[in-house]
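Remarks on the structure that follows.
The values are calculated or read from the model by the stated rules, or taken from the named source; none is laboratory data. Computed from a predicted model, the values in this text were never measured in an experiment. Note that we place each Cβ from the backbone using ideal geometry, even for glycine, and neighbour counts take in every protein chain shown.
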Amino acid sequence: MSGLFDLTGKVALVTGASSGLGVQFAKALARQGADIAICARRLEKLENTKKEIEALGVKCYAHKCDVTNNDDVRELVKDVVATYGKIDILINNAGVGDTAPAEDMDDAAWNKVINTNLNAVYFVAREVGKEMLKNGYGKIVNVGSVHSEVVMHPSTWPVAAYATAKGGVKMLTKALAAEWASKGITVNAIGPAYFESEMTSSVLNESGSFDAIAKAYCPMGRAGRQGELDGAIIYFSSDASTYTTGQLLLVDGGWSTI
């Protein structure tokens with residue numbers, strides 16, 4: 001059974017891996033034996049992540065990339081393939097968490113969220129998918145959100161742009177899964193609730209109200225902890241999920257159940 005989760009010999013590309021969940025995802029795959037490619041806009045932070053991953057006994061390639069820039073994405077995929085010869089796994093993680101009340105959010109802020117959290121997910125999947133189609137094998141894991149399924153009570157905080165983008169990730173995942181299912185590629189998504197990261201720190205630590213909100217809206221009454229997404233990522237990235245595609249797995253402490 002343990003062999004189902006062995007990623008030795010696989011190459012995984014993780015976007016948005018300069019901090020937060022992207023770093024955790026990259027390390028989780030590295031611990032299962034995968035060689036890793038990481039990308040983000042902040043190269044200096046990527047270099048720190050690279051050292052931590054290499055300390056786990058696998059190879060790691062770091063590449064500066066803005067996933068909202070299609071030329072950057074094409075160059076990223078080209079260089080990863082040149083370095084490793086293939087891409088077996090894509091963790092489509094890069095995202096932003098900007099939010100504002102719907103009536104106050106300006107065009108630039110809306111477009112930033114949609115471009116990063118939805119359009120870039122498609123563009124990266126498209127370019128990596130081309131390589132996977134050549135090889136007849138691939139595991140794509142898009143990072144959605146609990147807000148792919150539900151929003152927030154209006155007394156808490158507004159998520160119109162974010163939820164719109166993450167809802168789109170859910171349907172993009174289904175569409176790509178359907179198109180590529182017969183070609184050796186599975187496409188799935190995870191839907192985290194609130195986990196400690198650079199992006200969520202203001203919500204979890206500075207608002208002063210998150211604990212009360214979690215107790216009201218999350219049956220487990222807390223934010224997610226480091227490592228609690230690893231199982232979902234490894235499952236969708238490994239041959240344990242060969243007959244699973246087009247799915248969104250919520251990892252949310254029961255948030256979406258009430």
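Kindly indicate whether Gly231 is without any contact (Cβ under 8 Å) to a residue 12 or more places away in the chain, touching a strand residue (DSSP E or B) at 6+ places or on another chain (Cβ under 9 Å) and within 23 Å of Gly20 (Cβ to Cβ). Taking the combined requirement at face value, the residue satisfies it.
Among the residues of region 83-92, is any part of a helix (DSSP H, G or I) and surrounded by 16 or more Cβ atoms within 10 Å (Cβ to Cβ)? Taking every residue of region 83-92 in turn, at least one turns out to be part of a helix (DSSP H, G or I) and surrounded by 16 or more Cβ atoms within 10 Å (Cβ to Cβ). Every condition in (1) within 20 Å of Asn93 (Cβ to Cβ); (2) surrounded by 18 or more Cβ atoms within 10 Å (Cβ to Cβ); (3) at pLDDT below 95 is met by Gln226 except one, and the failing one is (2). If you go through region 49-76 and pick out every residue that is under 17 Å from Ala12 (Cβ atoms), exposed (fewer than 15 other Cβ atoms within 10 Å of the Cβ) and among the basic types (Lys, Arg), you end up with 0. Checking each residue in region 52-73 for being closer than 16 Å to Glu127 by Cα, β-branched (Val, Ile, Thr) and touching a strand residue (DSSP E or B) at 6+ places or on another chain (Cβ under 7 Å) picks out only Val67.
Among the residues of region 153-164, just one is more than 12 Å from Pro101 (Cβ to Cβ), of a type outside the set (Ser, Thr, Tyr) and not in a helix (DSSP H, G or I), namely His153.
Per the conditions (1) in contact with a Pro (Cβ under 7 Å, 6 or more places away or on another chain); (2) outside any loop (DSSP other than H, G, I, E, B), the sole criterion not satisfied by Ala109 is (1). I'd like to know if region 54-74 contains one or more residues that are of a type in the set (Lys, Arg) and modelled with pLDDT under 95. No, region 54-74 contains no residue that is of a type in the set (Lys, Arg) and modelled with pLDDT under 95. Taking the condition part of a helix (DSSP H, G or I), modelled with pLDDT of 95 or more and either of a type in the set (Lys, Arg) or over 17 Å from His147 (Cα atoms) (or both), does Ala240 pass? Yes, satisfied.
Any chance region 190-209 includes a residue that's of a type in the set (A, V, I, L, M), within 26 Å of Lys130 (Cβ to Cβ) and modelled with pLDDT of 95 or more?
Narrowing region 190-209 to residues of a type in the set (A, V, I, L, M): 190, 193, 199, 203-204.
Keeping just the survivors that are within 26 Å of Lys130 (Cβ to Cβ) gives 190.
After this cut, where a residue has to be modelled with pLDDT of 95 or more as well, the list is 190.
Taking every residue of region 190-209 in turn, at least one turns out to be of a type in the set (A, V, I, L, M), within 26 Å of Lys130 (Cβ to Cβ) and modelled with pLDDT of 95 or more.
Please verify whether Lys27 is closer than 23 Å to Glu196 by Cα, surrounded by 17 or more Cβ atoms within 10 Å (Cβ to Cβ) and modelled with pLDDT under 95, treating the condition exactly as stated. Against the criterion (closer than 23 Å to Glu196 by Cα, surrounded by 17 or more Cβ atoms within 10 Å (Cβ to Cβ) and modelled with pLDDT under 95), Lys27 does not qualify. Among the residues that make up region 131-143, is at least one of them closer than 22 Å to Phe5 by Cα, in contact with a Pro (Cβ under 8 Å, 6 or more places away or on another chain), crowded, with 17+ Cβ neighbours inside 10 Å and in contact (Cβ under 8 Å) with a residue 40 or more places away in the chain? Yes; the residues of region 131-143 include at least one that is closer than 22 Å to Phe5 by Cα, in contact with a Pro (Cβ under 8 Å, 6 or more places away or on another chain), crowded, with 17+ Cβ neighbours inside 10 Å and in contact (Cβ under 8 Å) with a residue 40 or more places away in the chain. Of the residues that make up region 19-42, is at least one assigned to a helix (DSSP H, G or I), more than 17 Å from the chain's Cα centre (by Cα) and closer than 28 Å to Thr244 by Cα? Taking every residue of region 19-42 in turn, at least one turns out to be assigned to a helix (DSSP H, G or I), more than 17 Å from the chain's Cα centre (by Cα) and closer than 28 Å to Thr244 by Cα. Remark: Arg42 matches the filter, which requires a residue to be more than 19 Å from Ile140 (Cα to Cα) and basic (Lys, Arg).
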